[in-house]
Amino acid sequence: MAAVAALGGSAAAAEDPLAGYRWTSRVLVLAAGDAGDPKLAAQREALASARAGAAERDLVTLEAVGPGERAGALRRHLGLSGEGFRAVLVGKDGGAKLTSDEPIPPQRLFATIDAMPMRRDEAKRR
């Protein structure tokens, strides 16, 4: 993963906590009721070995874990409950592209991203 970022605390961030990433980064949001969730741990572990691929695809990871205000704002924005594990891949346009209640293997994340028209254009330019 390119980065695990913290969410801003402004009113604008509460309305759209992903606004600062739009058109610059794809975001993988990991939501869980608590930090001890085994699916959250499995997703973190899977991403740890895929940092180069994530960076190449402008992919950052945000965590919405536990009852905190910032985690709640992100879950509300994406329509996620405060219970259980969810992983949501959000494109640079701000739209959800892939949602899963199981950890997403990096290969699947990368294949989904690589099939996006914007990513294909980026690959051509590089």
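Descriptive notes on the structure:
- Pro103 meets the stated requirement of being in contact with a Lys or Arg (Cβ under 7 Å, 6 or more places away or on another chain) and at pLDDT 95 or above.
- Qualifying residue in segment 35-42 (condition: open to solvent by less than 30 Å² (accessible area, probe 1.4 Å), touching a Leu at 6+ places or on another chain (Cβ under 7 Å), modelled with pLDDT of 95 or more and part of a helix (DSSP H, G or I)): yes
- Residues that are at pLDDT below 95, surrounded by 14 or more Cβ atoms within 10 Å (Cβ to Cβ) and aliphatic (A, V, I, L, M), drawn from segment 4-34: Ala5, Leu7, Ala13, Ala14
- Scanning segment 58-108 for residues that are open to solvent by less than 30 Å² (accessible area, probe 1.4 Å) and under 17 Å from Gly36 (Cα atoms) yields Leu62, Ala64, Gly66, Ala71, Phe85, Ala87.
- The set of residues from segment 109-118 being assigned to a helix (DSSP H, G or I) and either exposed (fewer than 11 other Cβ atoms within 10 Å of the Cβ) or modelled with pLDDT of 95 or more (or both) comprises Leu109, Phe110, Ala111, Thr112, Ile113, Asp114, Pro117.
The values are calculated or read from the model by the stated rules, or taken from the named source; none is laboratory data. These figures come from a predicted structure and were not determined experimentally. All Cβ positions, glycine included, derive from the backbone under ideal geometry; neighbour counts span all protein chains shown. Ligands, DNA and RNA are stripped out before the accessible areas are found, and what is left, the full protein with its side chains, is counted by its heavy atoms. Shrake-Rupley method; radii C 1.70, N 1.55, O 1.52, S 1.80 Å.
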